[in-house]
Structure formats: C-alpha cells, structure tokens
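Chemist: What follows is a structure written as structure tokens; I'll ask about it next.
Please treat every number below as a calculation from the coordinates, not as lab data. The shown structure was predicted, so the numbers you read here are calculated from the model rather than taken from an experiment. Every residue, glycine among them, receives a Cβ derived from its backbone with ideal geometry; neighbour counts consider all protein chains shown.
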Amino acid sequence: MPIRVRAVMVAGLALSVLAVPAPPPTVAAPQAEVPAWLTRAMAAMVGRWTADNAAYRSDREPADAYGITWEWGAGRQSVVGRLYTVTGGRETDLHWQFRVFWHPGERRAVVQQFGSHGVVGIGELKPLVDDTAGTEADQRFYSLDGSSARVRHVETMRDGVRQTASFDWVDGAWQPRRTYTWRRGP
C-alpha cells in the first residue's frame, strides 16, 4: 500500500477516534439501598395505631379518636398509610393517605400526603438528632385554590408509644398546633 494511502487511513482513523465523545465524568456509586435510619423508622411505623381525640373534640370535630394504619410498600422499600376517624369504636371517614420512601434520584427520604379535600402535601423526612429518637417532616401543603402552607411533623417513639406533634410556619417561626399519643391497637 502506498505511503500516501496509509497516511490518509491513519489520519481518518485518528479523526474518527477524536469524534467519539469522551466518557462521562466518574459519578459516585449510587446508594444500593434505603438508609438504615429510614428502614428502622418505617419498620416502627408499620401496624395499626390509635390516638384519643378528647383534647380536640368539638361539634365540628366529633371524632372519639383517630386511627392510622401503615403497611409496607412493594419490596419493603416504602410504607403506605392512611389516617381515618374512629367513632363509636368503628373506623369511619378516611382523611389522609400517605407514602414514605427513599427517592434515589434526589437521595433523600420523601413523605407525601393526599387529603380527602384535595389537599396535597410533600416534603422531606429526616432523622431527629441521633437517628434513633424519631423523625421530622418538613412539608409544603397545597390546596385546590392554589394556596399553600408549610407544616412540620415531629414523631418520637418510646416504649412502644408514638408521639406526634404538628407545627405551622407562621411569620418566620414554627407555631405548635396539635400533639397526639398513638398506641398500637384497634
């Protein structure tokens, strides 16, 4: 083969190699599973829980208690819950449905809520202090009229009893709203 043809072939090969895009930059290996703190928190949630509503009972809110039931989602990678009214010892109105999961793309725990009146809440769930004391959710709730509000839920568990407290973000500070004590059972 003449030198001129070889030179053209080598030049063509060099240009074709240069035209191949460079490989993407090295990315950190993705997390293989849900973080341990979230797996523990979800396992502690699973079950049926009831909270007395005596402190908040009124003509507008006649519920004797509230119930919440949490179940594992597909592959035990999330939990799915529902909150309902308990009146006369019976489950009545469904108020909220929930999902808690690890978002692999955002690398954070997410909590979503869907209300019976069209309200949708979404936010991040984080461990409290040492990751064994409980969790804190900072959520934005959106109403059908387009308005929104920021709400915080703090949950702790001690001796098999769950305590939840809710707070509204008002004028740049968290204002306490309600506190419930949840016990396993009907």
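Chemist: What is the spin-label model distance, in nm, from Ser147 to Val170 if the labels are put 7 Å beyond Cα along the C-beta direction?
Modeler: The answer from the label model is 1.4 nm.
Chemist: Computed FRET efficiency, Cβ-Cβ of Arg177 and Glu33, R0 22 Å: what is it to the nearest 0.05?
Modeler: 0.05
Chemist: Please say if the stretch 88-186 is rounded, prolate or oblate, where rounded means a/c under 1.5 for a ≥ b ≥ c the square roots of the C-alpha gyration tensor eigenvalues, and otherwise the choice is prolate for a/b larger than b/c and oblate otherwise?
Modeler: It comes out rounded by the Cα gyration axes.
Chemist: Let me ask something additional. In nanometres, what is the gap between the two model label sites at Arg140 and Glu106, each 7 Å from Cα along Cα-to-Cβ?
Modeler: Using points 7 Å along Cα→Cβ, the separation is 1.0 nm.
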